[in-house]
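Notes for the one structure printed next.
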Amino acid sequence: MNSRGAFIVLEGCDRSGKTTQSQKLVEKLQEDGVDAKLIKFPDRNTECGKMIDEYLRKKNRLSDQGIHLLFAANRWEANEQIEETLKRGTTLICDRYSFSGVAFSAAKGLSLEWCKSPEAGLIKPDLVFLLTLPIEAIMKRGGFGDERYEKKSMQEKVIQMYKLLKEDYWMQIDADNSEEDVLNTLYEKSQKIIAEVGGKPLEHLW
């Protein structure tokens, strides 16, 4: 089997630094000669993504079940492209994935198993970084509160849901450290997994 790229996901609460670190990680890998690309969810450019964007910016209302299925559909829209890209040898760094969808919806009171169901069959990441920091630190970060889910009580529930979802291919990262220290840790661990996946077949969620 030809060598494939690694699928690496960054997860965590809102304002935990995922987007910044995802971008910087891709740039650092590319500087080292790794064929790496950034993707993020929700992808707000697709038809599903546009509806999600309006919901998150409080421009429309949807049931908890309805918005959860939209988030899942947004990932299914990209699943085939993700598989093809990985098989071409490109490493994908992903800012949020299915675990965010499940954690946020379950935090609202929906069944954890029901939330996982529409995500089953999507490409499984090789590595998930869970960026964590105290809720007080999250609330002090710029822009907190701009979007629908950025409330203290909600974020605390999401943290608990991530703990329930965590598996052996997850790695918890203290995002309260300096930006440079966090990036260096992500880079080191990413390089290791990229070297390991080689000819391993892609797996699927749940």
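Could you provide, to the nearest whole Å², the per residue accessible area of the stretch 52-113 with probe 1.4 Å?
Working: 2630 Å² over 62 residues.
Spelled out: the 1.4 Å probe surface of the stretch 52-113, per residue, equals 42 Å².
Compute the distance in nm between two label points, each set 7 Å from the Cα along the Cα-to-Cβ direction, one at LYS189 and one at ASP168.
Going by the 7 Å Cα→Cβ label model, 1.7 nm.
Using +1 on the beta carbon of Lys and Arg, -1 on that of Asp and Glu, and nothing else charged, what's the dipole of the chain about the Cα centre, debye to 20?
On the way: 31 positive and 34 negative charges, 125 e Å.
So the dipole magnitude of the chain works out to roughly 600 debye.
At a Förster distance of 25 Å, what's the computed FRET efficiency of LEU205 paired with SER178, Cβ-Cβ distance as r, to 0.05?
Values: r = 33 Å, r/R0 = 1.31.
Efficiency for this residue pair is about 0.15.
For the chain, calculate the relative contact order in percent as a whole number, restricting contacts to Cα pairs under 8 Å that are 6 or more residues apart.
Details: 325 pairs, mean separation 73.9, N = 206.
This gives 36 percent for the chain.
Could you sort THR19, THR90, THR132 by their accessible area in this structure, using a 1.4 Å probe and putting the largest first?
Order by accessible area, largest first: THR19, THR132, THR90.
If each DSSP helix of 4+ residues adds -39,500 (n - 2.57) and the sum is divided by the residues in the chain, what number results at 222 nm, nearest 500 deg cm²/dmol? Don't skip to the answer; put the middle values down first.
Working: 8 runs with 101 residues, N = 206.
Estimated from H runs of four or more residues: -15500 deg cm²/dmol.
If I compute solvent accessible area with a 1.4 Å probe over the protein chains, what percent of it on the chain is carbon and sulfur? The partial results should precede the final answer.
Numbers: 4650 of 10020 Å².
Carbon-and-sulfur percentage of accessible area, whole number: 46.
Using the Cα centre of the chain as origin and beta-carbon charges of +1 (Lys, Arg) and -1 (Asp, Glu), tell me which of LEU62, ALA120, LEU86 is placed farthest towards the positive end of the dipole.
LEU62
According to a simple spin-label model (label point 7 Å from Cα along Cα-to-Cβ), what is the distance in nm between LYS151 and LEU62?
That separation, rounded to one decimal, is 1.9 nm.
The values are calculated or read from the model by the stated rules, or taken from the named source; none is laboratory data. These numbers come from a predicted model, not from an experiment. So basically every Cβ, Gly included, is an ideal-geometry build from the backbone, and we count neighbours across all protein chains shown. Each accessible area value is taken on the protein alone, full model and side chains, heavy atoms only, with ligands, DNA and RNA left out. Shrake-Rupley method; radii C 1.70, N 1.55, O 1.52, S 1.80 Å.
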